[in-house]
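Please read the structure below before turning to the comments.
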Amino acid sequence: MNKKIVNQKYTIKEYDELPSTHLYVKENQNKLESGTVIIANKQTSGIGTHGRIWYTGRNNIAMSILYKPNCDITKLDGITINIAKSIKEAINELYNINLEIKYPNDLLLSNKKICGILTEINTISKKVNYLIISIGFNVNEINFDNEITKIATSLKKEYKKDFDKQKIIIKILENIEKLINKLNII
């Protein structure tokens, strides 16, 4: 899936299975270039907010993006909500589906969670060392365990058809890149 997307050349690395794309990026950020995207077809111990587990099966998207911005932390104010807006726009542009943002880091469809965003910023003083943007998006999952079936959904569950994960990933990356360029942090 390596491809030039908009102006940023992303390095996309896809793995069959990882415990967590976020932790993989965090643990390897010294070895990875800015613009690296880690995708796991299956994620067994993904990280959600407040230490929750975000399980991602093969029918969904689990990815983390590493940026090494050359900026002051104040330039990243509101980054998570702006990423949520970028993802919302991506799905609307692709499928004319209007997701709802649950401030600051979730996207909902039919009042159920379809996407979660986790951002981590590492700084020394006010200078940003790295930014990790992790996204879990329920695309073609139809079987949720009993604990989350009442609060989670997917595109396929709502629209009864398959959706193209790669197309969604590319559009999300394009929209996030537009945001990064607008913020002028790379």
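What follows is calculated from the coordinates using simple rules that are stated; it is not laboratory data. Here the structure is a predicted model, which is why all the values come from computation and not from measurement. Neighbour counts run over all protein chains shown; Cβ positions are idealised from the backbone, glycine included.
Numbers below:
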read-out	value
Which label in [x] 0.97; [y] 1.05; [z] 1.88 gives the computed Cα Rg over 2.2 N^0.38 Å	[x]
Note, ³J(HN,Hα) from phi for the range 168-182, Karplus 6.51, -1.76, 1.60, rounded to Hz, x at Gly and Pro	5, 4, 4, 5, 4, 4, 4, 5, 5, 5, 4, 5, 4, 5, 4
Given the chain, longest segment not containing exposed loop trypsin sites (Lys or Arg not before Pro) (DSSP; at most 16 other Cβ within 10 Å)	59-125
In Hz, Karplus ³J(HN,Hα) per residue of the range 131-148 (6.51, -1.76, 1.60; θ = phi - 60°; x = Gly, Pro)	10, 10, 10, 10, 10, x, 10, 7, 9, 10, 6, 10, 10, 10, 5, 3, 5, 10
Top of ILE151, ILE39, ILE169 by mean-square fluctuation, Gaussian network on the chain, Cα under 10 Å	ILE151
Inter-probe distance in nm under a simple model that places probes 7 Å from Cα toward Cβ, at LYS85 and TYR103	1.3 nm
Phi-based couplings in Hz for the range 156-166 (Karplus 6.51, -1.76, 1.60; Gly and Pro marked x)	5, 4, 7, 10, 6, 8, 7, 10, 7, 4, 5
Nitroxide proxy distance, nm - points 7 Å out along Cα→Cβ at LYS182 and TYR95	2.3 nm
